[in-house]
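Shown next, in structure tokens, is the structure this report addresses.
The values are calculated or read from the model by the stated rules, or taken from the named source; none is laboratory data. All figures in this text were calculated on a predicted structure; none of them were measured in a lab. Don't worry about glycine lacking a Cβ; one is built from the backbone with ideal geometry, like all the others, and counts go over all protein chains shown. Remember, those area values only see protein heavy atoms, side chains included, never the ligands or the DNA or RNA. Shrake-Rupley method; radii C 1.70, N 1.55, O 1.52, S 1.80 Å.
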Amino acid sequence: MFISLWEFFYGHFFRFWMKWVLRQMTGKCELQRIFDTYGGAQRTYRIENSLTYSKSKVLQRATRVAESELDRCVADIMKEKKICREKDTSFQMCMRTCLLQISGYKQLYQDVENVRKKPYDSGNAQHEKLLLKLWSLLMPTKKLKARISKQWVDIGFQGDDPKTDFRGMGILGLINLVYFSENYTSEAHQILSRSNHPKLGYSYAIVGINLTEMAYSLLKSEALKLHLYNFVPGMPTMEHFQQFYCYLVYEFDKFWREEEPESIMYFNLYREKFHEKIKGLLMDYNTVLTLKT
């Protein structure tokens, strides 16, 4: 109750008067003060909050601006806040960069969501080709005898037809598995080999799909913002999301071996423990989580 009252008074009264006093003292608006004080993800994150909670519709709309409208949007912000281009020469460039990151994150989520919603379709030649590519990347010396085969269990699927394992994450789960196997082939082979350990083994493909869900949920909850704001100086893309997925795959394998679970039956427990660890790392303003092999 007390916290709710504080948030109400802060948002509606205290914040407004504090901003007014600081502007009188410094001659600069809140956006300018943020640019003067902060850098990296903390700068973009604070700019986003300032725009979001502003009473100005011009500033609120800026967080959802299309890339083609960026320059006009920055000009509108400068007009709204009475910022002189000649007196603050860096404002335009700094604001443009922040808006690219802010609107880019929202667009990335939509792009990932659109792919996730596409179910794996065995009647789609491109989907089938991608699945067979995964096999060839992970098992280059072993020929797949048939499309429906118990051999799929060898790379961590549950049965003789992998399509049933993609139901939760759709084609996104397969795309991520292929991306890791193609871009980090040596690491993928090593992890697949370790996943067959008699005591510490796990289903490689199933865990990979599970980690796609983890990456997706972190993106959806906006927990990836600080990482992406630090990692990408402009608009983040699907590949940046996939690189984070690769980090999860590599780090989870290392985490699993270090924890030495008694049985795969404890997977959910250790999966959640790993999830909490990653969420903790993502709360650091300076965080950049990239795969270091």
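For segment 49-136, which GluC sites (Glu not before Pro) are both in a DSSP coil and crowded by at most 15 other Cβ atoms within 10 Å?
Numbers: sites: GLU67, GLU69, GLU80, GLU86, GLU113, GLU128; in loops: GLU86.
Those that pass, being in a loop and sparsely packed, are GLU86.
About the Cα centre, and with charges only on the beta carbon of Lys, Arg (+1) and Asp, Glu (-1), how big is the dipole of the chain? Nearest 20 debye, please. All intermediate terms of the calculation are to be shown ahead of the outcome.
Numbers: 42 positive and 33 negative charges, 161 e Å.
Charge dipole, the chain, about its Cα centre: 780 debye, nearest 20.
Could you give the accessible area per residue of segment 145-293, probe 1.4 Å, as a whole number in Å²?
46 Å²
Return the calculated 222 nm mean residue ellipticity for the chain, to the nearest 500 deg cm²/dmol, obtained by summing -39500 (n - 2.57) across DSSP H runs with n ≥ 4 and dividing by the residue count. Mind showing how you got there, number by number?
Details: 14 runs with 181 residues, N = 293.
Calculated from helices alone, the mean residue ellipticity at 222 nm is -19500 deg cm²/dmol.
Bin all alpha-carbon pair distances of segment 138-293 at 10 Å intervals from 0 and give each bin's fraction as a whole percent.
Histogram of Cα-Cα distances, whole percents per bin: 10, 39, 36, 12, 2.
How much of the accessible area of segment 16-155, probe 1.4 Å, is carbon plus sulfur, in whole percent? Walk me through the numbers before you get to the answer.
Working: 4400 of 8360 Å².
Carbon-and-sulfur percentage of accessible area, whole number: 53.
Treating only the Cβ atoms of Lys and Arg (+1) and Asp and Glu (-1) as charged, compute the dipole magnitude of segment 121-259 about its Cα centre; round to the nearest 20 debye.
Details: 15 positive and 15 negative charges, 82 e Å.
Here segment 121-259 has a charge dipole of around 400 debye.
Return the lysines within reach of LYS106: Cα separation strictly under 20 angstrom, same-chain partners fewer than 8 residues apart disregarded; answer none if there are no such residues.
Straight-line reach from LYS106, under 20 Å: LYS57, LYS117, LYS118, LYS220, LYS225, LYS279.
Based on the mean of other beta carbon atoms within 10 Å per residue, what is the order of 137-143, 30-36, most packed first?
30-36, 137-143
DSSP loop (so not H, G, I, E, B), at most 13 other Cβ within 10 Å: list which trypsin sites (Lys or Arg not before Pro) in segment 196-293 pass both filters. Write down the numbers at each step before the final one.
On the way: sites: LYS199, LYS220, LYS225, LYS254, ARG257, ARG271, LYS273, LYS277, LYS279, LYS292; in loops: LYS199, LYS292.
Those satisfying the criteria are LYS199, LYS292.
Give the calculated FRET efficiency between THR237 and ALA125 to the nearest 0.05, with a Förster radius of 35 Å applied to their Cβ-Cβ distance.
On the way: r = 26 Å, r/R0 = 0.73.
That pair, THR237 with ALA125, gives E of 0.85.
Given a 1.4 Å probe and the protein chains all in place, what does the accessible area of CYS73 round to, in Å² to the nearest 10?
About 20 Å², ignoring ligands and nucleic acids.
Given the Cα-Cα distance of LYS273 and VAL153 and 0.36 nm per residue of separation, how much length would full extension add, in nm?
Values: separation 120, 0.36 × 120 = 43.20 nm, distance 2.62 nm.
Going from the current span to full extension adds 40.6 nm.
What nm distance separates the two modelled labels at ARG33 and LEU281, each placed 7 Å from Cα along Cα→Cβ?
Output for this residue pair reads 3.5 nm.
By its C-alpha gyration tensor, with a ≥ b ≥ c as the square roots of the eigenvalues, how is segment 215-259 shaped: rounded for a/c under 1.5, else prolate for a/b larger than b/c, else oblate?
Cα axes put segment 215-259 in the prolate bin.
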